[in-house]
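This report concerns only the one structure given below.
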Amino acid sequence: MKTIVLACLIAVAVAAPQLQEREVVLLRDDRIANEDGTFSYALEADNGINTAVEGVVGSAGQINQAGSYTLTLEDGTQAVVTFVANENGFQPQSNILPTPHPLPAHVFELLEIAERQRAEGIVFN
């Protein structure tokens, strides 16, 4: 019995996919850092990863960032994410990001009822 279990474990270990690690080569590495905190950088690697970001001083002295990054998906297509990070938070945009489900029709009806009640001065404690 032990021999069968051991043979099964060895078979599973041999059949498991082997990860192939490879060294990623940077094709482009441009960086600028200014003393006032503003910056820009652009990186590109041979595996399809590409990013470019710029940072500028915001209205309250913070550094606002805008940029994009590109990565290769499992099916070989390229996905691009653009973003802005400022006093309103991190705001990414891409067709690969999940989106919320649409609200059901009855939710809109309930919101309209609640708005009418507020307008009529009806308050629930």
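The values are calculated or read from the model by the stated rules, or taken from the named source; none is laboratory data. Quick caveat: nothing in here was measured; it's all calculated off a predicted structure. We place every Cβ from the backbone using ideal geometry, glycine too, and count neighbours over all the protein chains shown. The area values use the complete protein model at the heavy-atom level, side chains included, leaving out ligands, DNA and RNA. Shrake-Rupley method; radii C 1.70, N 1.55, O 1.52, S 1.80 Å.
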| field | Carbon/sulfur fraction of accessible area - the chain, other protein chains in place, 1.4 Å, % | value | 59
| field | Label-zone membership for segment 60-85, site Leu97, 7 angstrom Cα→C-beta point, backbone N under 19 Å | value | 64-73, 78-85
| ³J(HN,Hα) computed for each position of segment 101-114 - Karplus, 6.51 cos²θ - 1.76 cosθ + 1.60, integer Hz, glycine/proline x | 5, x, 6, x, 4, 5, 5, 4, 5, 5, 5, 5, 4, 4
| task | Hand me the GluC sites (Glu not before Pro) from segment 52-125 located in a DSSP loop with no more than 15 other Cβ atoms within 10 Å, in residue order please. | result | Glu74, Glu87, Glu120
| Extension gain Ile32-Arg118, at 0.36 nm per residue separation less the Cα-Cα distance, in nm? | 25.6 nm
